[in-house]
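Following: one structure in structure tokens, then a few remarks.
Read the figures in this text as sums done on the coordinates, not as results from a lab. Keep in mind that what you see is a predicted model, and the values were worked out from it rather than measured. Here the Cβ positions follow ideal geometry from the backbone for every residue, glycine too, while neighbour counts run over all protein chains shown.
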Amino acid sequence: MDKLMITGGNRLDGEIRISGAKNSALPILAATLLADEAVTICNLPHLHDITTMIELFGRMGVQPVVGDKLTVEVNPTSITTLVAPYELVKTMRASILVLGPMVAHFGYAEVALPGGCAIGSRPVDLHIRGLEAMGAEITVEGGYIKARAPEGGLRGAHYSFDTISVTGTENILMAATLAKGQTVISNAAREPEVVDLAECLIAMGAQIRGQGTDTITIDGVERLHGARYAVMPDRIETGTFLVAGAATRGRVKLKDTDPSILEAVLLKLEEAGAQIDTGKTWVSLDMKGNRPRAVNLRTAPYPAFPTDMQAQFMAMNAVAEGTGTVIETVFENRFMHVQEMRRMGAQIQVEGNTAIVTGVEKLKGAPVMATDLRASASLVIAGLWADGDTLVDRIYHIDRGYECIEEKLQMLGASIRRVSA
Ligand code: UD1
């Protein structure tokens, strides 16, 4: 199993380009199943989760054509099997995103229940209830969600999410595009990835308004056609490299990204003492060689501070001046990186969903284990500002969400390499 070996102490300094957003690419790939012609998606990141989605399509008889620079053409008309099997779904929770499109377009879907995962119970009850509100008959048998559309197809409905759910909103949004009549989603997720999905669906002929607000209105259409659509840049990858720059007192410039969707993160980096400059498609951070100051933060749905950046900021706070409080409100049990950071000498106390981090001058390299995607990124950041070597194990988590992370960090001057055990 591959590991990452990091020798800490180098200030990051340099320029890299940001990849397409994983959390946008996955729902957009799922959305291609709604069309009755080929859809081409560009700027896909080269990641395990994307390959898993493509493999899932292969199992269903849809053979995506992979072109240059991971452009993928999907023609869903060749679908033969309306089943997403457990062995793929268990490796990627986001497989649940095919449920809405399949039942809306083909009238039936079987998707394995994703089950628990490392960062809390993460149920899918809200996805199921939303589809039921549109008339789908849903049973859960043998670990599979079996959903059938009523005679004549799904019907538009008013559906209000009890809790804001990103993939839940995306599933109902996709299903509603082909439903009869109007659907109104209240308490919808406002994440930029939801907006990107809506824009792709509109390019395919869907009628949607209100994306990016908490109320999305969809007027169902008879059919969706082919389109060509480029996935937006990854705001979490952008944020992760900025934090790595801040933790190492360095200077980084990130290109092919969109700073306008990173406001909460950029404000916190400025609070930590970074000079942030932005253009339309780039962002740069300069610590002028200074140690960051610890920041307080509280995660919540967009536009507030993203839970997917919490672990990385914890790593920065661990080497910052002062004490910072980190409150996680989106997921239970998302502090598993704390234990590993403590092995590197971090001073962190956890009380319920609050972590109090007191920065030390430098961490100490140690063997550590990645527990989930963003936690693994935080351990890499910790290793970049630690004395000696840090060996990060179980990096398959990191490969799910970061394209060429070691090459990109090397380009910024880090001492990092992949080793096969
Ligand atoms: C998505 C992102 C993930 C991010 C998360 C929160 C993708 C592929 N993944 O995950 O990177 O960390 O948003 O920004 O886009 N919940 C329920 N019932 C449901 C669905 C969700 O109770 O049916 C709860 C969850 O347990 C959690 C909260 O709602 O506490 C938010 O989860 P949700 O927004 O659904 O996360 P994902 O869409 O899975």
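A few remarks follow.
- Residue in the stretch 187-206 that is farther than 19 Å from Ile41 by Cα and either touching a His at 6+ places or on another chain (Cβ under 8 Å) or more than 16 Å from the ligand (Cβ to nearest atom) (or both) present: no
- Just so you know, in the stretch 1-28 the residues that are β-branched (Val, Ile, Thr) and either in contact with a Ser or Thr (Cβ under 6 Å, 6 or more places away or on another chain) or outside any helix (DSSP H, G or I) (or both) include one that is surrounded by the most Cβ atoms within 10 Å (Cβ to Cβ), and it is Ile6.
- Residues that are touching a strand residue (DSSP E or B) at 6+ places or on another chain (Cβ under 8 Å) and in contact (Cβ under 8 Å) with a residue 40 or more places away in the chain do occur in the stretch 119-126.
- For the stretch 352-387, residues that are within 16 Å of the ligand (Cβ to nearest atom) and within 19 Å of Thr240 (Cβ to Cβ) total 9.
- Residue match in the stretch 96-114 (condition: acidic (Asp, Glu) and not in a strand (DSSP E or B)): no
- Candidates Gly8, Gly14, filtered to the one that is of a type outside the set (Ser, Thr, Tyr), in contact (Cβ under 8 Å) with a residue 12 or more places away in the chain, more than 16 Å from the ligand (Cβ to nearest atom) and at positive phi: Gly14
- Helices (runs of 4 or more DSSP H) wholly inside the stretch 331-421 containing at least 1 residues that are among the aromatic types (Phe, Trp, Tyr) and farther than 23 Å from Lys255 by Cα: 396-401
- One residue stands out in the stretch 1-21 among those that are in contact with a Gly (Cβ under 7 Å, 6 or more places away or on another chain) and charged (D, E, K, R): the one that is nearest to Leu47 (Cα to Cα), namely Asp13.
- Checking Ser95 against (1) within 13 Å of the ligand (Cβ to nearest atom); (2) of a type in the set (Ser, Thr, Tyr); (3) surrounded by fewer than 22 Cβ atoms within 10 Å (Cβ to Cβ), the condition it does not meet: (3)
- The set of residues in the stretch 29-58 that are crowded, with 22+ Cβ neighbours inside 10 Å and under 16 Å from Arg235 (Cα atoms) comprises Leu44, Pro45, Leu47.
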